[in-house]
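Colleague: My questions all concern the structure below.
The values are calculated or read from the model by the stated rules, or taken from the named source; none is laboratory data. Please read these numbers as outputs of a predicted model, since none were measured by experiment. Note that each Cβ is placed from the backbone with ideal geometry, even for glycine, and that neighbours are counted across all protein chains shown. The protein model used for the area step is the full one, side chains on, heavy atoms only, and it has no ligands, DNA or RNA in it. Shrake-Rupley method; radii C 1.70, N 1.55, O 1.52, S 1.80 Å.
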Amino acid sequence: MAQAELTLPEGAAADWTVPQDWASYTTGEHAMWDRLFERQAAMLPGRVVPEFMEGLDILRMTKPGIPDFAELSERLMRATGWQVVAVPGLVPDRVFFEHLANRRFVAGRFIRKPEQIDYLQEPDVFHDVFGHVPLLTHPAFADYMQAYGEGGMRADHMGAIDHLARLYWYTVEFGLMRREGRMQLYGAGIVSSYGESVFALDDASPNRIGFDLKRLMRTQYRIDDYQQSYFVIDSFEDLLRKTSDVDFGPIYHELEGSTDLAPDAVAPEDRVYHRGTQAYARAKMAC
Ligand code: HBI
Ligand code: FE
């Protein structure tokens with residue numbers, strides 16, 4: 001996605017970070033976190049990979065209220081050497097990549113308003129912290145995120161951010177994993193969403209297709225609704241292996257000459273776990 005020009009907000013450091021200022025959250029804001037947390041915590045066990053639930057535990061995220069990033073960072077640092085830093089909102093791609101490459105996860109400090117409980121455009125602290133941070137306690141996933149940041153810095157120089165961003169989208173944000181015949185969630189965009197936590201796993205509408213790096217980088221995505229296709233990895237170790245020992249340069253070059261695939265496409269060479277009916281997407285289009 002071509003990113004609109006963002007300007008450094010007043011009060012932000014040169015790397016776009018701001019103080020979280022945890023003490024200034026209101027009771028209402030903490031209550032909003034608790035409401036979202038309880039809803040997801042009741043639904044996710046069994047649906048999400050166990051590594052996610054273990055991450056919540058390691059980081060003591062089960063205690064009430066919006067987490068204090070300093071405390072999260074201390075525990076995360078001990079587990080995998082990652083930190084959580086606050087940013088005002090979306091940051092430029094190269095800033096985002098540089099933080100990841102240095103094992104810093106950038107998180108919004110604001111929380112959604114009650115009327116935005118099920119949908120908001122910009123990532124808030126619930127999406128960023130509840131969705132993304134627990135898996136950063138897992139060594140292979142933690143390394144994958146750093147490698148993604150490093151890959152982003154290289155892609156920036158090659159003009160290939162759009163293709164690389166699809167990898168982030170279909171793994172970190174909307175990934176599924178299948179182990180021992182069991183499909184589970186791990187993408188942050190899914191696990192932080194009440195509706196999509198069910199849709200991604202159980203609905204007949206979306207495709208569920210085996211992970212293939214090049215295929216996935218050709219696939220367009222939707223930012224305004226549930227995904228029409230989800231991609232399935234075997235394990236975090238497998239994801240790391242299939243992306244970190246790969247020279248993306250020749251892939252980007254090849255992709256320049258190939259056409260994109262629509263979000264709902266099924267290709268002949270796909271390993272299809274479920275061919276979606278696309279009934280949900282079609283019903284949406286009709287209204
Ligand atoms: N900024 N705060 C924030 N959070 C993101 O997830 C984010 C961002 N800037 C750029 C970005 N993501 C993506 O465009 C990259 O994955 C390419
Ligand atoms: Fe996200």
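Colleague: Keeping to region 133-155, report how many residues are near ligand 1 (Cβ under 10 Å from one of its atoms) and open to solvent by less than 10 Å² (accessible area, probe 1.4 Å).
Modeller: Of the residues in that region, 3 qualify.
Colleague: Go through region 160-174 and report how many residues are open to solvent by 20 Å² or more (accessible area, probe 1.4 Å) and either β-branched (V, I, T) or more than 15 Å from ligand 2 (Cβ to nearest atom) (or both).
Modeller: 3
Colleague: Only residues that are in a helix (DSSP H, G or I) and more than 12 Å from ligand 1 (Cβ to nearest atom): list them for region 110-128, please.
Modeller: Matches in region 110-128: P114, E115, Q116, F126.
Colleague: Here's another thing I want to ask about it. So M61 clears everything in (1) open to solvent by 10 Å² or more (accessible area, probe 1.4 Å); (2) away from ligand 2 (no atom under 16 Å from the Cβ) except one condition, right? Which one?
Modeller: (1)
Colleague: Would a scan of region 103-126 turn up a residue that is touching a helix residue (DSSP H, G or I) at 6+ places or on another chain (Cβ under 7 Å), free of Cβ contacts under 8 Å to residues at least 24 places away in the same chain and more than 14 Å from ligand 2 (Cβ to nearest atom)?
Modeller: So far as region 103-126 goes, yes, one or more of its residues are touching a helix residue (DSSP H, G or I) at 6+ places or on another chain (Cβ under 7 Å), free of Cβ contacts under 8 Å to residues at least 24 places away in the same chain and more than 14 Å from ligand 2 (Cβ to nearest atom).
Colleague: Take the residues in region 189-224 that are in a loop (DSSP other than H, G, I, E, B) and more than 16 Å from ligand 2 (Cβ to nearest atom), then tell me which one is nearest to R47 (Cα to Cα).
Modeller: Out of the qualifying residues, it is D203.
Colleague: Checking A86 against (1) away from ligand 1 (no atom under 16 Å from the Cβ); (2) in contact with a Ser or Thr (Cβ under 9 Å, 6 or more places away or on another chain), which single condition isn't satisfied?
Modeller: Of everything listed in (1) away from ligand 1 (no atom under 16 Å from the Cβ); (2) in contact with a Ser or Thr (Cβ under 9 Å, 6 or more places away or on another chain), A86 misses just condition (1).
Colleague: Let me ask you something else. I'd like to verify a number: residues in region 87-127 that are surrounded by 21 or more Cβ atoms within 10 Å (Cβ to Cβ) and among the acidic types (D, E), how many?
Modeller: Matching residues across region 87-127 total 1.
Colleague: Would you call P250 more than 25 Å from A160 (Cβ to Cβ) and open to solvent by 30 Å² or more (accessible area, probe 1.4 Å)?
Modeller: The answer is no for P250.
Colleague: Hey, another quick one. Restricting to region 228-278, what's the tally of residues that are assigned to a loop (DSSP other than H, G, I, E, B) and not charged (D, E, K, R)?
Modeller: Within region 228-278, residues that are assigned to a loop (DSSP other than H, G, I, E, B) and not charged (D, E, K, R) number 15.
Yes or no, residue by residue, for (1) within 16 Å of ligand 1 (Cβ to nearest atom); (2) in contact (Cβ under 8 Å) with a residue 60 or more places away in the chain:
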{"position": "H157", "(1), (2)": "yes, no"}
{"position": "I161", "(1), (2)": "yes, yes"}
{"position": "S192", "(1), (2)": "yes, yes"}
{"position": "S235", "(1), (2)": "no, yes"}
